[in-house]
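The values are calculated or read from the model by the stated rules, or taken from the named source; none is laboratory data. Everything quoted here is computed from the prediction, not taken from an experiment. Positions of Cβ are generated from backbone atoms using ideal geometry, with glycine treated the same way; all protein chains shown enter the neighbour counts.
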Amino acid sequence: MRIGFGVTLAALAASAVGGQALRQSAPLTPPASVSTPARATPFPATQALFDGYVRDGKMPGIVAAFGIGDYPTQFVAAGKLSTNAAAPAVTPDSLWRVYSMTKPVTAMAAMILIEQGKIGLDDPLSKYIPAFKQMRVLTSPDTSLDSVPAKSEITIRELLTHTSGLGYNISAKGPLLKLYEARGIVPAAVNNEVEALARRTRPATLAEFAERVATAPLVAQPGTEWHYSIGLDVMGRVIEIASGMPFDRFVQTRIFDPLQMRSSFWTVPAADASRLATNYAFVGDQLSPVDPGATSVWLKPPSFPYGGAGLVMSARDYDRFLHMLADGGTLDGVRIMKPETVRLAMSNLLPAGVTFGGVAGNTGGTRGSVPMGYGAGGSVYLADGPAGVPSKGTYGWGGAAGTVAFVDPVKRIRGTIMVNYFPADRWPVREQTVAAFASDVTRLRP
């Protein structure tokens, strides 16, 4: 895979948990007790799977966090932060580029403001950013910039569910991609080399970014189809306006600090650089470093905080975020959102008549047999999976470098998988890990 600026960023599209995140065949129930085998883990099948990944050279390291109800989070880890023989072993506190797993965080920040009445779910976007009042829609998005007036305004609901008609540089083609590049509508980081190119045109503030997005034509009429987009990046600017504080500060003060998520960063502090995994790309069957941890682009401040793909996080931290969702907006006695707000966020918020069928395989997405909808920044199961697993209402999303997150609010099961390589679907880690986890938990049932 060639990594570069522009069309090659299509390989960096955020992966969706999509249709097969939880296709294990046995219902999961919290174990009454956990015995520890020789490897001192309650999840020997998952541990063996991870050990095999590392032994076979499929990845240098992997960490997963699993939660069942309010039992202590269980971590399974194997390998190192890089292929360097002297690299530290991965741990629950290792740092990983989560790319589009940033989107659920941004979406829940928006839901906090919706709960407070500072944002309306069906408000027009122009209420917050007037430049979006009159948009135009491309007639042939892949081949031409010819356009017609939008029939309706973009709404907040449509931003949160990728139905606004906004596009994405990772999937745009032809003249539209060139337009995005020329106007700096490229809200993501890859490595220092790509970043130097992006900064030639990318705006320096989130406010300016949103204004530039408003000058670009849409790829579809608002509210008419699901199209993966920069909607959550624009949502970051709405959060700034509605809250009266910078987007990243709002997330820090309303989500990260109350949840004691101390390893979640838009910029990795120098003191924490030794915890950051190297990101790789597969060249044939060989791993090639794209962004070494020691010199990572994430050690420098971004142009602005990217609400769609900007966070570096640990497995421990992402699990705390999911645990809060599983517990109806509260964790360790600290309330982030009301239970009804969490239920709304993790429900199908798609506009009437719009469906979600997953995203392309090269972004890590899948198209399963269980019908899905889309909530605030993540996919939602609309029916139970095989044998009731996953439950109807299971919510999740993933990242371009292979990370995965899901939460089943009915069974109160949650999972986070951290790896860092492109493309996200190089190996079937999501399916194999969840199947192994299901096998382990079934074995532990009383």
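Here are some notes:
- Count of segment 174-197 residues which are in contact with a Gly (Cβ under 7 Å, 6 or more places away or on another chain) and either of a type in the set (A, V, I, L, M) or not in a loop (DSSP other than H, G, I, E, B) (or both): 4
- Applying a threshold of 7 Å to beta carbon distances and a minimum spacing of six or more residues, or different chains, the list of pairs starting in segment 155-167 at a residue that is at positive phi and ending at one that is outside any loop (DSSP other than H, G, I, E, B) and not basic (Lys, Arg) reads HIS162/GLY231; HIS162/TYR374; GLY165/VAL137; GLY165/LEU218.
- Cβ-Cβ under 7 Å pairs, at least 6 apart or on other chains, segment 78-93 side in the same structural domain as PRO60 (by TED's automatic domain parsing), far side surrounded by fewer than 15 Cβ atoms within 10 Å (Cβ to Cβ): LYS80/ALA89; PRO88/SER274
- Consider segment 31-71 and keep the residues that are in a loop (DSSP other than H, G, I, E, B), modelled with pLDDT of 95 or more and touching a strand residue (DSSP E or B) at 6+ places or on another chain (Cβ under 8 Å). The one that is farthest from THR91 (Cα to Cα) is GLY57.
- Looking across GLU158, GLU115, GLU195, one residue alone is under 23 Å from PRO246 (Cα atoms), outside the structural domain of ALA210 (by TED's automatic domain parsing) and among the acidic types (Asp, Glu). It is GLU115.
- Only listed residue being without any contact (Cβ under 8 Å) to a residue 40 or more places away in the chain and in contact with a Ser or Thr (Cβ under 8 Å, 6 or more places away or on another chain), chosen from GLY329, GLY307: GLY329
- Complete set of residues in segment 92-118 that are surrounded by fewer than 24 Cβ atoms within 10 Å (Cβ to Cβ) and either more than 22 Å from THR394 (Cα to Cα) or modelled with pLDDT under 95 (or both): PRO92, ASP93, LEU113, GLN116, GLY117, LYS118
- Segment 262-280 - residue that is aliphatic (A, V, I, L, M) and crowded, with 22+ Cβ neighbours inside 10 Å and, of those, nearest to GLY61 (Cα to Cα): ALA277
- When we screen ALA204, ALA214 for residues that are under 13 Å from TYR128 (Cβ atoms) and either outside the structural domain of ARG316 (by TED's automatic domain parsing) or at pLDDT 95 or above (or both), the only hit is ALA214.
- Of all residues in segment 422-434, none that is at positive phi has its Cβ atom under 8 Å from the Cβ atom of a residue that is of a type outside the set (A, V, I, L, M) and assigned to a loop (DSSP other than H, G, I, E, B), 6 or more apart or on another chain.
- Screening SER140, SER126 for residues that are surrounded by fewer than 23 Cβ atoms within 10 Å (Cβ to Cβ) and not in a helix (DSSP H, G or I) leaves exactly one candidate, SER140.
- Matching residues, segment 204-241, being in a loop (DSSP other than H, G, I, E, B) and over 12 Å from GLY167 (Cα atoms): ALA204, THR205, THR215, GLY223, THR224
- Filtering segment 235-252 for residues that are modelled with pLDDT of 95 or more, over 17 Å from the mean Cα position of the chain (by Cα), among the small types (Gly, Ala, Ser) and at positive phi leaves a non-empty set.
- Qualifying residue in segment 344-366 (condition: within 23 Å of ILE112 (Cα to Cα), touching a Ser or Thr at 6+ places or on another chain (Cβ under 8 Å), assigned to a loop (DSSP other than H, G, I, E, B) and not aliphatic (A, V, I, L, M)): yes
- Here segment 397-446 is the region considered, the condition is being aromatic (Phe, Trp, Tyr) and part of a strand (DSSP E or B), and the residue that is nearest to ARG320 (Cα to Cα) is PHE406.
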